[in-house]
Amino acid sequence: MTKSVYKYAAEAGLPVGVYLTAMSACLLLSLRIESLPVFMPLLALGFPFLLAYYMRRMARQEPTYSKFSALWLCGIYSVIFGTLICSLFSGIYLTVIDPGFLHSYIANALVEIESSPVAGEYAATTDMMRRALDGRMLPGGMQFVASMGWLTCFAGSMLSLVLALMLGGRRRVDEKRNVFGR
C-alpha cells in the first residue's frame with residue numbers, strides 16, 4: 001500500500017523541525033553565546049537542500065508523486081509540520097526560560113548601534129526602537145513565535161514552489177527522453 005503525500009511530509013516534518021529549531025536556537029541563544037549567530041546563515045543556506053532531499057525521496061519512492069503538485073504539497077506540509085515543532089520549542093523558551101529575551105535583544109541592539117561610529121545615520125531608527133522599548137510596545141514571546149511561524153510557513157511554501165519546479169522539471173525531461181526511445 002502506498003503512503004500518502006501527507007505521510008511523507010509528516011515523516012519529513014521531524015528532521016525539518018529539528019533543523020528549524022537549530023536555526024531558532026542560533027537567534028534565541030545569541031545573547032548568551034555570542035558566536036552562535038554566525039551559524040544561522042549557514043543553516044539557512046542548507047535548508048533548501050534538506051527540503052529538496054525529502055521531496056526527492058518521496059518522488060523516488062512513489063513515482064506517482066513526482067508531479068509538481070504532489071512535490072509542492074509535500075514541501076509545504078513538511079515545512080508546516082517542522083514549523084510546529086520549532087514553534088513549540090521557541091515558545092517554551094520565550095515564555096518559560098527567558099521571557100525577557102526580546103526586550104534584552106532590542107536593548108542590546110540599541111547599545112551596539114549607539115556605540116558605533118555611524119550612529120548618527122541611524123538616529124531615527126534608534127529613536128523609534130528606544131520609544132518601543134520604553135513604551136513596552138514590543139511583542140510578547142508568543143506573538144513573536146506566531147509571527148515567525150507564519151513567516152516560516154510562507155517562505156517555506158515559496159521555497160517548496162521553486163524546488164517542485166526544479167524537481168518536477170527533471171522528471172518531465174526524463175519522460176520526454178523515454179517517449180522518444182532515447
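Taken together, the values in this text are just the output of simple stated rules run on the coordinates, not laboratory data. The shown structure was predicted, so the numbers you read here are calculated from the model rather than taken from an experiment. Every residue, glycine as well, gets a Cβ built from its backbone with ideal geometry; the counts of neighbours run over all protein chains shown.
Farthest toward the dipole's positive end in segment 1-147, which of 33, 83, 58, given Cβ charges of +1 (Lys, Arg) and -1 (Asp, Glu) about the Cα centre?
58
Applying 1/(1 + (r/R0)^6) with R0 = 35 Å to the Cβ-Cβ distance of residue 84 and residue 108, what FRET efficiency is obtained, to the nearest 0.05?
The pair residue 84/residue 108 has a calculated efficiency of 0.75.
Of the trypsin sites (Lys or Arg not before Pro) in segment 126-168, which ones lie in a loop per DSSP and count no more than 13 other C-beta atoms within 10 Å?
In loop regions of segment 126-168 (DSSP not H, G, I, E or B), the sparsely surrounded trypsin sites (Lys or Arg not before Pro) are 136.
Could you work out how much longer the chain between residue 147 and residue 134 gets when fully extended? Use 0.36 nm per residue separation minus the Cα distance between them, nm to one decimal.
2.5 nm is the gain from fully extending residue 147 to residue 134.
Contour minus end-to-end for residue 115 and residue 98, with contour as 0.36 nm per residue of separation and end-to-end as the Cα-Cα distance?
That pair, residue 115 and residue 98, stretches by 3.6 nm at full extension.
Fully extended, how many nm does the chain gain between residue 44 and residue 122 (0.36 nm per residue separation, minus their Cα-Cα distance)?
25.3 nm
Work out the P(r) tail for segment 1-103: percent of alpha carbon pairs separated by more than 17 Å, whole number.
56 percent
Set the Förster radius R0 to 35 Å, insert the Cβ-Cβ distance between residue 36 and residue 61 as r into 1/(1 + (r/R0)^6), and round the FRET efficiency to 0.05.
Using R0 = 35 Å, I get an efficiency of 0.45.
Give the Kirkwood hydrodynamic radius (Å, one decimal) of the chain, defined as one over the mean of 1/r across all pairs of different Cα atoms.
Its Kirkwood hydrodynamic radius stands at 18.6 Å.
If you take the alpha carbon radius of gyration of segment 4-59 and divide it by 2.2 N^0.38 Å, what ratio comes out, to two decimals?
Here the answer is 1.33, to two decimals.
In deg cm²/dmol, rounded to 500, what helix-only [θ] at 222 nm does the chain give when every DSSP H run of at least 4 residues adds -39500 (n - 2.57) and the total is split over its residues?
-26500 deg cm²/dmol
Please report the base-10 log of the normalised intensity I(q)/I(0) for segment 33-93, using a Debye sum with one equal scatterer per alpha carbon and no solvent, at each q in 0.19, 0.27, 0.30 (1/Å).
Each listed q corresponds, in turn, to -0.81, -1.10, -1.16.
Where does helix 101-114 land angle-wise versus the long Cα axis of the chain, in degrees 0 to 90, nearest 10?
That works out to roughly 70 degrees.
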